[in-house]
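A short write-up of the structure that comes next.
The values are calculated or read from the model by the stated rules, or taken from the named source; none is laboratory data. Only a predicted model underlies this, so the values are computations on that prediction, with no experimental measurement involved. Every residue, glycine among them, receives a Cβ derived from its backbone with ideal geometry; neighbour counts consider all protein chains shown. Please note that ligands, DNA and RNA were not included when accessible areas were found on the heavy atoms of the full protein model with its side chains. Shrake-Rupley method; radii C 1.70, N 1.55, O 1.52, S 1.80 Å.
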Amino acid sequence: LLQGRSPRLHVLQIHARVLRLHAHQDNLIATRLIGHYPSIAALRVLDQLQHPNLFPFNAIIRVLAQEGRSLDSFLVFRRLKSVHSLSPNGLTFSFILKACFVSKSSLSVKQIQTHVVKSRFSADPFVGNALIVAYGKGVDDVGSARKVFDDMPGKGVVCCWNSLISSYVQVGSPDEVMGLFCSMVEENVKPESDTLVSVLSACSELEIDQIEKWVSLLSELVGRTGGGGDDDSMNCVLVYLYGKCGRTDKSRERFDCIVSDRETSVLPWNSMINAYVQNGQPLQALNLFRLMVDGDHGCKPNHVTMVSVLTACSQIGDLELGQWVHDFLKTRGCRGVVESNKILATALIDMYCKCGSLDKAKEVFSKLTTKDAISFNAMIMGLAVNGKGEDAIHLFEKMQDFSLYPNAGTFLGLLWACSHSGLSNKGRQIFNDMTSVFGIPLRMEHYACYIDILARDGQLEEAASVAASMPFKPNNFVWGALLGGCLLHSRLDLAQDVYNRLVEVDPDSSACYVMLANVLAGDRRWDDVSVLRWFMREKGVKKQPGSSWVNVNGIVHEFVVGSAAHPQMANIYHTLHGLAGEMRFLTP
């Protein structure tokens, strides 16, 4: 009756029957009762035992550790040690080390480790794992955690590798994580999903030179294993790493090796979809998502998948698919997941705002049970890009009602809102208040936004003065904002100098040439426009072709200027010529 979970009333009834039958001195029954009670009642059960054995002691230490009562756990452990006929076992040490983890006391961990050594449990892999967790994740002493791991005689238990890897992730040592992952594979220890989650988290912190090193090492390791069972885990990491350095073709090669004609976990799918999204290939990301949902791969999307898919939807403005994802989460996801998962809700807010559906974005934001600065920032930026500057500022003022402190992202959204709504005076106040009132240091992007506000308002001399006095070397966004202001207000006298500075910091971008050409064209200086275009051709500067997307029956079609790659292009042109002919016929 005491096995498994039982309602509190049933437990009390069973306990009453135990007392009437005088069975309360039975150690097994007492152990089961302790597991059902909170710590105060559980301690009474232990105290009633005249001759407790090890099992009820272990049970009460576990209950106390789970409730965060570390000191009481240590007192019970000391009481256990005082009973000469009893000695702690592996479970005892695992439970008391959990208490050490909760207490964050390095001294307590060292003291328990001494008991572990004296009791000859150093070789127990589960006790070793508990020590690694206590040192590495409890007190951030990864050096001691690594020493425990290195001293273990057998390293075949995957949980020990997982604990050490996640400890290195926690302290921000991605190189150590990657080294351990490779060693794990070489030791023929099969990585689990938890392992890969930690390793992929570490990959996100790697620099480009580090990525190239680990891509080379992992590729060599895959070649040496010759198609072994651990290739999938290494290929999954390679999918992520190739994507991070922009080589999505290589990512897809590795991905196809994993998923060909068999069931796989969600991790490689998430890595490949994310690689496409991060490299500006939303169509490929959405096509892969459809393959994941409609195919026979035995893999269901999780919230990480949906965040990437929503990002892809926002990149191409696919509101229809974004709404389908939202409905999927409400009907087939965990109950209340959209309201409780801030990451998902923020992705939905961003998608709805970028697709122009502000009402839906506001609905998601209002239903979010726990709002943070990030969710506020997403809504503020969404209002900003839709030209609702006053609403963005009003929402910022409401942040204080939630006892939330704005950050650099908040002010970037506010400055953007002022820029796109013509609120130059409010923008000036926000820019000044950022440091003087809120004490948040200004970054390059804040200066670029403020200069854009001034330039749009025609205050070009002041904007140029801010650019010259800022504590950073102005980048292409700063000079681009100034050049845009020159174009808007037909200031050819300033445009040439700003153009030269923009070319200096970003010589390969076509934007500066196009903007200056527009300024010159506005002044009817056609010869200068021709010279500028010749100069672009000589330097090999190519204008990024325009593109658009159209959603027809759930399928997104991409059209690129000057490209006839669409499979229905011949029919499209035939129809277009027919329409043009009818228009000419109808024109009076």
> Using the Kirkwood radius built from alpha carbon pairs, what does the Stokes-Einstein equation give as D for the chain at 25 °C and 0.890 mPa s, in µm² per second?
Replying inline: 83
> Once you charge only the Cβ atoms, +1 for Lys and Arg and -1 for Asp and Glu, what is the size of the charge dipole of the range 372-469 about its Cα centre, to the nearest 20 debye?
Replying inline: 60
> In square angstrom, what is the accessible area per residue of the range 153-218 with a 1.4 angstrom probe?
Replying inline: 44
> In percent, what relative contact order does the chain have, based on Cα pairs under 8 Å that are 6 or more apart in sequence?
Replying inline: 4
> With the dipole of the range 389-494 worked out from charges on the C-beta (+1 for Lys and Arg, -1 for Asp and Glu) around the Cα centre, which of A392, A464, L488 lies farthest toward the positive end?
Replying inline: A464
> Can you give the extra length, in nm with one decimal, that the chain gains between N287 and H24 once fully stretched, where that is 0.36 nm per residue apart less the Cα-Cα distance?
Replying inline: 88.3 nm
>> Starting from 0.36 nm per residue, how many nanometres of slack lie between S366 and L86 once their C-alpha separation is accounted for?
In response: 95.0 nm
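At 1.4 Å probe size, with every protein chain present, just tell me what the per residue accessible area of the range 243-353 comes to in Å². Walk me through the numbers before you get to the answer.
Details: 4980 Å² over 111 residues.
I get 45 Å² per residue for the range 243-353.
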> Which value in nm describes the separation of the simple spin-label points at Q111 and E504, placed 7 Å from the Cα toward the beta carbon?
Replying inline: 6.6
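Take peptides 99-106, 364-371, 13-20 and line them up by average Cβ neighbours within 10 Å, highest first, as a rough protection proxy. Provide the component values of the computation, followed by the final result.
Values: 99-106: 20.8, 364-371: 15.9, 13-20: 13.6.
So the order, starting with the most tightly packed, is 99-106, 364-371, 13-20.
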> In terms of Cα to Cα distance under 12 Å, which aspartates and glutamates are near enough to K330, apart from those fewer than 8 places away along the same chain?
Replying inline: E339
> Which of the peptides 91-97, 346-352, 473-479 is most tightly packed, and how do the rest follow, going by the mean number of other Cβ atoms within 10 Å of each residue?
Replying inline: 346-352, 91-97, 473-479
> Say a paramagnetic label sat at a point 7 Å from the Cα of V337, along Cα to Cβ; which residues of the range 286-319 have their backbone N under 13 Å from it?
Replying inline: 300-310
>> Over the Cα atoms of the range 306-386, each weighted equally, I'd like the Debye log10 I(q)/I(0) at q = 0.12 Å⁻¹, rounded to two decimals.
In response: -0.27
>> Run lengths n ≥ 4 of DSSP H only: what is the helix-derived mean residue ellipticity at 222 nm for the chain, with -39500 (n - 2.57) per run over all residues, to the nearest 500?
In response: -22000 deg cm²/dmol
>> Let me make sure I get this right: for the range 433-491, a, b and c are the square roots of the gyration tensor eigenvalues over alpha carbons, sorted descending. Under 1.5 in a/c it's rounded, otherwise prolate if a/b > b/c, else oblate. Which is it?
In response: prolate
> Can you pull out the GluC sites (Glu not before Pro) in the range 206-295 that DSSP calls coil and that have at most 15 other Cβ atoms within 10 Å?
Replying inline: E207, E263
>> Taking all protein chains in place and a 1.4 Å probe, what share, in percent, of the accessible surface of the chain do carbon and sulfur account for?
In response: 53
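Could you give the accessible area per residue of the range 360-497, probe 1.4 Å, as a whole number in Å²?
Details: 6370 Å² over 138 residues.
In whole numbers, the range 360-497 has 46 Å² accessible per residue.
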>> Going Cα to Cα from K155, which lysines come in below 20 Å? Please leave out same-chain ones fewer than 8 positions away.
In response: K137, K147, K190
> Against the longest principal axis of the chain, how steep is helix 460-469, in degrees 0 to 90 to the nearest 10, with axes from Cα atoms?
Replying inline: 40
>> Could you tell me which residue out of F95, H10, A378 lies farthest along the dipole of the chain toward its positive end? Charges go on the beta carbon: Lys and Arg +1, Asp and Glu -1, centred on the Cα centre.
In response: H10
> What FRET efficiency do you get for V437 and L71 if R0 is 51 Å and r is their Cβ-Cβ distance, rounded to the nearest 0.05?
Replying inline: 0.70
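Would you work out the charge dipole size for the chain about its Cα centre, treating the Cβ of every Lys and Arg as +1 and the Cβ of every Asp and Glu as -1, and quote it to the nearest 20 debye? Write down the numbers at each step before the final one.
Working: 57 positive and 59 negative charges, 464 e Å.
Using Cβ point charges on Lys, Arg, Asp and Glu, the chain gives about 2240 debye.
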> For labels at L579 and K104 in the simple 7 Å Cα→Cβ model, what's the distance in nm?
Replying inline: 6.4
> Highest mean first, what order results for 573-582, 133-142 on Cβ atoms within 10 Å?
Replying inline: 133-142, 573-582
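Calculate the FRET efficiency for E192 and Q170 from the Cβ-Cβ distance with a Förster distance of 25 Å, rounded to the nearest 0.05.
Details: r = 18 Å, r/R0 = 0.72.
My answer for the efficiency is 0.90.
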> Using a cut-off of 21 Å between alpha-carbon atoms, which lysines can reach K213, once sequence neighbours fewer than 8 places away in the same chain are excluded?
Replying inline: K244, K250
> Whole-Hz Karplus ³J(HN,Hα) for the range 436-441, in order, using 6.51 cos²θ - 1.76 cosθ + 1.60 and θ = phi - 60°, x for Gly and Pro?
Replying inline: 6, 9, 9, x, 9, x
> What is the calculated FRET efficiency for H394 to D140, with r their C-beta to C-beta distance and R₀ = 35 Å, to the nearest 0.05?
Replying inline: 0.25
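According to the square roots a ≥ b ≥ c of the eigenvalues of the Cα gyration tensor, what is the shape class of the range 337-432, taking rounded for a/c under 1.5, prolate for a/b larger than b/c otherwise, and oblate for the remainder? Please list the in-between numbers first.
Numbers: a/c = 2.33, a/b = 1.44, b/c = 1.61.
Note, shape of the range 337-432 comes out oblate.
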> For helix 282-294, what angle does its Cα long axis make with the longest principal axis of the chain, in degrees from 0 to 90 and rounded to 10?
Replying inline: 40
> Using a basic spin-label model with each label point 7 Å from the Cα along Cα→Cβ, how many nm lie between S183 and N425?
Replying inline: 6.5
>> Between 0 and 90 degrees, rounded to the nearest ten: what's the tilt of helix 303-316 against the longest Cα principal axis of the chain?
In response: 0
